[in-house]
1. Quick check on Phe54: is it assigned to a helix (DSSP H, G or I), open to solvent by 80 Å² or more (accessible area, probe 1.4 Å) and modelled with pLDDT under 85?
2. Using the structure shown, decide if Phe79 is outside any helix (DSSP H, G or I), in contact with a Ser or Thr (Cβ under 7 Å, 6 or more places away or on another chain) and open to solvent by less than 50 Å² (accessible area, probe 1.4 Å).
3. Tell me yes or no: at least one residue of the stretch 155-176 is open to solvent by 90 Å² or more (accessible area, probe 1.4 Å) and in a helix (DSSP H, G or I).
4. Do you know which of the residues in the stretch 31-51 that are without any contact (Cβ under 8 Å) to a residue 24 or more places away in the chain and either of a type in the set (Asp, Glu) or part of a loop (DSSP other than H, G, I, E, B) (or both) is least open to solvent (accessible area, probe 1.4 Å)?
5. Are any residues in the stretch 124-143 assigned to a helix (DSSP H, G or I) and either closer than 19 Å to Ile100 by Cα or under 20 Å from the mean Cα position of the chain (by Cα) (or both), and if so, which ones?
Amino acid sequence: LVYKLDRLSRSQKNTLFLIEDVFLKNNVDFVSMQESFDTTSAFGRAMIGILSVFAQLERDTITERMGMGRAERAKEGYFHGGGTTKIPVGYDYVDGLLQINDYEAEIVRSIFELYNSGKGVNAISTAIKNKFPSKRKFNVSLIRGILTNNIYLGFIKFKNGVYKGKHEPIVSKEIFDKAQG
């Protein structure tokens, strides 16, 4: 029992698989509160196929629009935060903008300073853990990510593009470039 067919799935393939290969083969009735079709008849299955095409089209259109919106936000310099996106170390996400978190920004600057003075990422990890108490685990992977992320230069990366961000950089171009060499 579903409210509408698109609540079962917005994928035509999945909808048809569920109805034909799961429900009908196991004598399970499928009922949609808003649509009326008989899944045991050829016409009813055809209607489900047609409706599932439109449900998938709607899903794909929404996905395209969201992608275009995210790309535009990046081009305008906005970080795409929220959801499962992790806020970069050194910043807070406030009212749609990245704002420098002074305590964490000092950690980021220290990571670059230690790396540019010849320290390896393992030594940096230990030094940061000892000097800066934090809930974050400054492991080797996070430190490498910080050292290569141009967000700290004031840029936003989205897909294959890099755009000038609306946020303040934490390190200078010279410091960042030295860490890349």
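The values are calculated or read from the model by the stated rules, or taken from the named source; none is laboratory data. These figures come from a predicted structure and were not determined experimentally. Don't worry about glycine lacking a Cβ; one is built from the backbone with ideal geometry, like all the others, and counts go over all protein chains shown. Just the protein is used for accessible areas: all its heavy atoms, side chains included, with ligands, DNA and RNA removed. Shrake-Rupley method; radii C 1.70, N 1.55, O 1.52, S 1.80 Å.
1. no
2. no
3. Yes: one or more hits.
4. Among those residues, the one meeting the criterion is Thr39.
5. Within the stretch 124-143, the subset assigned to a helix (DSSP H, G or I) is 124-131, 140-143.
Listed by number, the residues that qualify are Ile128, Ser141, Leu142, Ile143.
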